[in-house]
1. Given the options LEU57, VAL38, GLN123, identify the residue whose Cα lies farthest towards the positive end of the charge dipole of the range 4-223 (+1 on Cβ of Lys, Arg; -1 on Cβ of Asp, Glu).
2. What Kirkwood radius, in Å to one decimal, follows from the Cα pairs of the range 554-615?
3. For the range 398-405, in order, what is each residue's ³J(HN,Hα) by Karplus, 6.51 cos²θ - 1.76 cosθ + 1.60 with θ = phi - 60°, in whole Hz (x at glycine and Pro)?
4. Work out from phi, with θ = phi - 60° and the Karplus expression 6.51 cos²θ - 1.76 cosθ + 1.60, the ³J(HN,Hα) of each residue of the range 163-177, listed in order in whole Hz, and give x for Gly and Pro.
5. What length, rounded to one decimal in nm, is gained on full extension from HIS625 through to ARG398, with 0.36 nm per residue of separation minus their alpha-carbon distance?
6. List the lysines whose alpha-carbon lies under 27 Å from that of LYS521, not counting same-chain residues fewer than 8 positions away?
7. Just the Kirkwood number for the range 1-111, please: inverse of mean 1/r across all distinct Cα pairs, in Å, one decimal.
8. Let me know the charge dipole size of the range 240-312 about its Cα centre in debye, to the nearest 20, where only the beta-carbon of Lys, Arg (+1) and Asp, Glu (-1) is charged.
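Only the coordinates and a few stated rules stand behind these numbers; no lab work does. Everything numeric here is computed off the predicted structure, so don't read it as measured data. Cβ: placed from backbone, ideal geometry, glycine included. Neighbour counts: every protein chain shown.
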Amino acid sequence: MTKIVETFELFGKEYALETGELAKQAGGAVLVRQGDSVVLVTATASKQAKDLDFFPLTVDFEERMYAAGKLPGGFIKREARPSEKATLTARMIDRPLRSAFADGFRNEVQVIATVLSADQVHQPDVISIMGASAALMAAGIPFEGPLAGVRVCRDMQTGEFLVNPTFDETEDSDLDLVVAGSKDAVYMLEAGAREVSEEDMLAALMFAQEAIAAFCEVQERFLAKVDIKPMEVVLASHDPALVDRVFAMGAEKMKAALHNPDKHARMDAVAAVKDEIAASFTDEELAVWGKDLRAVLKLLEKKTMRAMVLDEGERADGRSVTEIRPISCVAGYLPRAHGSGLFTRGQTQVLSVLTLGMLNEWQRLDTIDVSEGKRYIHHYNFPPFSTGEIGFMRGPKRRDIGHGALAERALLPVIPDEDEFPYTIRIVSEVLESNGSSSMASVCGSTLALMDAGVPISAPVSGIAMGLIKEGDRVAVLSDIQGLEDFLGDMDFKVAGTPKGITAMQMDNKAKGLSLEILNKALMQAKEGRAYILSKMLEVISESRPQMSQYAPRIITIKIPSDKIREVIGSGGKVVRGIQEETGAQIDIQEDGTIYVASRDLGGEEAVRRIQAIVKDVEVGEEYHGRVVSIQPFGAFVELMPGKDGLLHISRVAQGRVGKVEDVLNVGDEVHVKVIDIDDRGKVSLDRLDKPPAPEGSTDSGPVGDRGPRRDGGGTDRDRRPRRRH
């Protein structure tokens with residue numbers, strides 16, 4: 001196959017699409033470049049269709065550490081399980097592709113995006129969507145492309161929108177929006193934002209749609225040069241006679257079964273209707289239609305639910321299209337947690353639990369991205385009992401990682417910076433019950449937990465999931481969707497934000513793309529829903545508590561001269577370890593001299609006192625209660641503070657003449673001393689203020705003045721002992 005290359009420039013950035021040189025045995029293989037970031041995207045389909053009632057698509061995003069010139073962290077120097085960023089990127093690619101395959105296509109398809117080069121400037125994730133679309137079409141798979149994805153950010157100085165910005169450009173933006181779709185419609189979007197208004201978000205979406213169209217046109221030009229051989233496939237379809245019979249028998253019964261606000265009661269009623277219909281078929285009929293019957297029964301449920309909304313304006317649980325389910329909130333649900341919030345909306349319930357830690361407990365990230373780590377961490381757990389089911393508990397699934405990342409993104413803009421609140425923050429959202437929109441319930445529960453913990457967030461955040469029912473020109477946008485409306489509807493659009501604006505969004509749809517008019521309606525309807533939900537939350541706790549939990553660590557921040565850091569650390573860390581062991585405090589020392597001291601009692605204050613004593617310079621006239629650490633023939637060395645000693649000469653240890661220092665003092669004795677001199681070399685001389693009388697029988701080999709010259713000169717260097725390193 002001849003190598004085909006399409007180089008182009010769009011919106012100030014240079015790109016390239018290539019095929020024909022690499023991975024020639026894959027169904028389709030496209031190399032996509034932006035700058036020196038290079039991703040190989042392959043798409044391969046099975047030869048035969050699978051006997052399934054769903055489309056089996058798998059998307060993987062493979063980070064190779066060599067792409068960024070890095071070695072994998074840990075003991076095993078090989079890439080193992082995908083990083084969270086890789087998992088999120090795989091989901092980002094999957095979501096717009098999935099709804100663009102031909103209806104009834106049941107061949108297994110695998111898309112693999114492998115990052116071969118990461119220049120640490122251009123982001124390799126979004127361009128992989130364009131690469132996947134081109135690879136699928138080059139493979140001849142029945143795919144309704146081309147599709148493309150773009151990242152849009154906004155320059156905070158000029159207000160200008162940028163397409164596929166560099167890492168640095170994204171850092172300087174108040175918006176990080178990813179949109180994927182065709183030339184005419186949006187298929188997927190997700191965003192993080194710093195309280196961006198709905199109007200500005202819509203403007204960004206309109207700009208993104210124009211950019212997507214430009215990238216789709218380039219793909220068409222590229223693919224026109226490729227010799228594409230369409231796959232020969234048989235698309236699954238339903239026998240019209242079977243569909244007519246099932247709908248005639250069950251339409252009214254299914255409608256009655258769906259009218260039930262309780263999830264499990266409704267599911268039981270729907271299952272009973274399906275069983276009754278299935279029982280009416282003979283063995284001979286089941287032999288012909290058996291494999292298709294289950295799918296047609298599901299179609300009956302779907303069509304009936306959608307007709308109820310469009311024809312009657314009524315949802316399965318009796319709500320109107322804009323009505324929110326009943327809400328209850330509890331702040332401080334758990335007695336020993338640093339912060340907790342229980343949020344219940346209808347039959348969805350999430351308990352968010354917050355833990356505070358030292359800044360040095362931040363999460364380090366082992367990825368090809370430029371980001372090294374984060375101090376705000378959000379995890380989401382979705383156990384099987386939350387839906388009344390059983391299942392394996394084997395770590396987070398892709399969905400768990402995705403929902404946790406969405407909640408993290410929604411709350412990050414309101415988290416105080418480390419100068420104001422020097423803690424690492426981890427929130428775990430436990431889904432205890434689920435009937436739709438558990439990710440947005442996690443946002444709400446976590447806001448309650450943050451305020452309960454006393455974290456000074458800049459504003460409270462609430463979230464809502466919007467849905468859509470669309471049949472031709474008839475459209476209904478649904479607020480606060482439940483599980484049934486997610487599974488059988490056309491859109492799952494999650495929006496989170498503060499009263500000021502949006503902080504996060506995520507949208508997937510099963511329709512063949514959505515117009516900007518529908519998205520605008522959903523955004524404005526979501527704004528009203530978010531405000532209502534937030535009002536219910538603020539009835540329980542209106543602002544962050546003034547005091548943190550008694551069980552949370554207290555962190556005291558102090559600043560010392562950077563040239564004093566070595567003295568605080570000590571030789572091999574001896575000094576700082578000693579302070580931690582004796583006070584029970586945790587100490588984190590930064591290169592600029594900032595020190596964070598954490599404890600759950602008064603040990604932190606004592607640790608700060610000791611650190612300040614170490615860095616404080618000794619001055620003439622100051623008094624100390626010191627400890628004798630060494631005795632020499634000419635006197636005793638007294639530790640005034642960790643790492644700083646002075647000499648108490650033998651002539652000043654008692655009232656009267658003393659023959660031996662040991663007659664008056666022993667190592668470990670506490671003495672009250674005063675600094676009487678500091679010479680040019682920093683040697684410190686002391687006088688004892690609590691002198692006892694010289695003991696009887698203490699003899700002297702001669703006058704004090706005849707003992708020869710002082711070898712020490714007074715000061716911090718203790719004779720005949722190793723010198724401490726500072």
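1. LEU57
2. Kirkwood radius, the range 554-615: 11.2 Å.
3. For the range 398-405, the Karplus-derived couplings read 4, 5, 4, 5, x, 5, x, 5 Hz, x marking Gly and Pro.
4. Running phi through 6.51 cos²θ - 1.76 cosθ + 1.60 with θ = phi - 60° gives 9, 6, x, 6, 4, 5, 5, 5, 4, 8, 10, 9, 8, 10, 10 Hz.
5. Additional length available on full extension: 75.6 nm.
6. Of all the lysines, those that pass the test against LYS521 - Cα under 27 Å, at least 8 places apart if same chain - are LYS183, LYS302, LYS303, LYS470, LYS494, LYS500, LYS510, LYS512, LYS536.
7. Result for the range 1-111 stands at 16.4 Å.
8. It comes to approximately 340 debye.
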